[in-house]
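Quick notes on the structure that follows.
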């Protein structure tokens, strides 16, 4: 079995099945990898051997980004995925943090780089005639190195939902492992077509999308995610498999339904962070299988859904996965529930997901020893994700460590409240977070986006909340904002720190406030 992306790609260099479908064009694997090899040869020729062999890619999902990824695999250098939504000094800081020698970009993104300190990185416009000439003259590829299983294939920045993005060193073996697992799980072959609409500078798209195609020999359809164009793309290209992260299923489900939505080629969707409602409804509406799993860029903690997973749970963890109290560095108590199903011992049961044996596949953050030390404490990997586990071993997410709230002397976690609010008819997306109480502690605030055409009144919300037997009275949101959209990362995750920064306001939406000691909203 191959242990590196380099080995996997070499198995495809004479493959004449379809590799890339984009617009009206298509490439076979032989053609696609020939182009990638030529570009890699040109890049290897420019690499300073005294510096890290890091090549940045500031590119949207398209043939150019796929070529850059394959080139890095074949060429044995590190591709650094640069987030296309970053701007100004933050964008420059990412390029410098990754120590990029070269930054591949295009005409659309060149203006973003004007005046930025890129640490001396050479900027290459991959659409230019000058670059095409340089690639054509590069000759046969002699790889920078023969990659090893734990060598870094890509440097991928975390989403930055709870702080500044950090550069995760993603090893070859992690990509190989993820691809093989998903190909086996969904019985994918070279006859399949993978829809790659999540940003290819992010781990979900690499491990759950691109790696699947490289491993199986399936065709790739690179695209920028659009809820309104989703079904058209699936039908046009005969898509059979897709990956997602964050809220794409909710965005698609918010579009008007048609009687023939299930008349399509899609067989399977795999991803992270969809709600139970969205998983079930997407599978029903589009006639496909949807599997949602827990995942992080670091891939140090493995949790798998299996048959019988209760609603709301993300599955069961591997033997080295535990939930620890970060203060006492002891394992948390098993969760107990009251007669209504509400978590009864949050203070004792909610803790941080850890890998008790160490790093797992996590190779560390590049050029960031402080962040490394924060993750690796007491010989364990601390994920930053809050969770609790029931007596049968099922794990439930409770949010990030920043999602703890102290309300009237009681600790609450955002995750369970969000899961209850997701039952609200007509809801598309929701985020629960803490805002400061005027006296002491926190108050619960919820940001809501409704489906197109849905309506909600204060009285309807009051009735819904009162009918939820597992919702603690202290967990009723004191403030509710209704918006047409919410701030989000490039990977479709709600950017809670932006909501927290806006405080008790609805920005361009509507704000409801619950009376201090009652249940009425106005």
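The values are calculated or read from the model by the stated rules, or taken from the named source; none is laboratory data. All of these numbers come straight from a predicted model, not from anything done at the bench. Reconstructed Cβ throughout: ideal geometry from the backbone, glycine too, with neighbour counts over all protein chains shown.
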**Request:** Might you check whether a residue that is over 21 Å from residue 366 (Cβ atoms) and in a strand (DSSP E or B) occurs anywhere in segment 78-96?
**Result:** no
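Can you tell which of 60, 50, 64 is more than 24 Å from residue 190 (Cα to Cα) and within 22 Å of the chain's Cα centre (by Cα)? Outline the logic, then answer.
Working: 50 fails: within 22 Å of the chain's Cα centre (by Cα); 64 fails: more than 24 Å from residue 190 (Cα to Cα).
When all the criteria are applied, what remains is 60.
Please go through segment 413-422 and give me each residue that is closer than 22 Å to residue 463 by Cβ and surrounded by 19 or more Cβ atoms within 10 Å (Cβ to Cβ), ordered by number.
Keep residues of segment 413-422 that are closer than 22 Å to residue 463 by Cβ, which gives 416-422.
Scanning segment 413-422 gives 416, 417, 418, 419, 420, 421.
Yes or no, residue by residue, for (1) closer than 27 Å to residue 29 by Cβ; (2) without any contact (Cβ under 8 Å) to a residue 12 or more places away in the chain; (3) out of contact with any helix residue (DSSP H, G or I) (no Cβ under 7 Å at 6 or more places or on another chain); (4) surrounded by fewer than 16 Cβ atoms within 10 Å (Cβ to Cβ):
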position	(1), (2), (3), (4)
52	no, no, yes, no
67	yes, no, no, no
76	yes, no, no, no
81	yes, no, yes, no
98	no, no, yes, no
106	yes, no, no, no
110	no, no, yes, yes
117	no, no, no, yes
**Asked** Among the listed residues 444, 432, which satisfies the condition of being buried (at least 18 other Cβ atoms within 10 Å of the Cβ), at pLDDT 90 or above, farther than 20 Å from residue 250 by Cα and outside the structural domain of residue 345 (by TED's automatic domain parsing)?
**Response** 444
**Request:** Among the strands (runs of 3 or more DSSP E) lying completely within segment 152-234, list those that include at least 3 residues that are more than 27 Å from residue 101 (Cα to Cα).
**Result:** 193-196, 219-222
**Asked** Mind checking whether some residue in segment 287-301 is modelled with pLDDT of 90 or more, surrounded by 16 or more Cβ atoms within 10 Å (Cβ to Cβ) and in a loop (DSSP other than H, G, I, E, B)?
**Response** yes
**Prompt:** Of 175, 126, which residue is within 22 Å of the chain's Cα centre (by Cα) and within 18 Å of residue 199 (Cβ to Cβ)?
**Reply:** 175
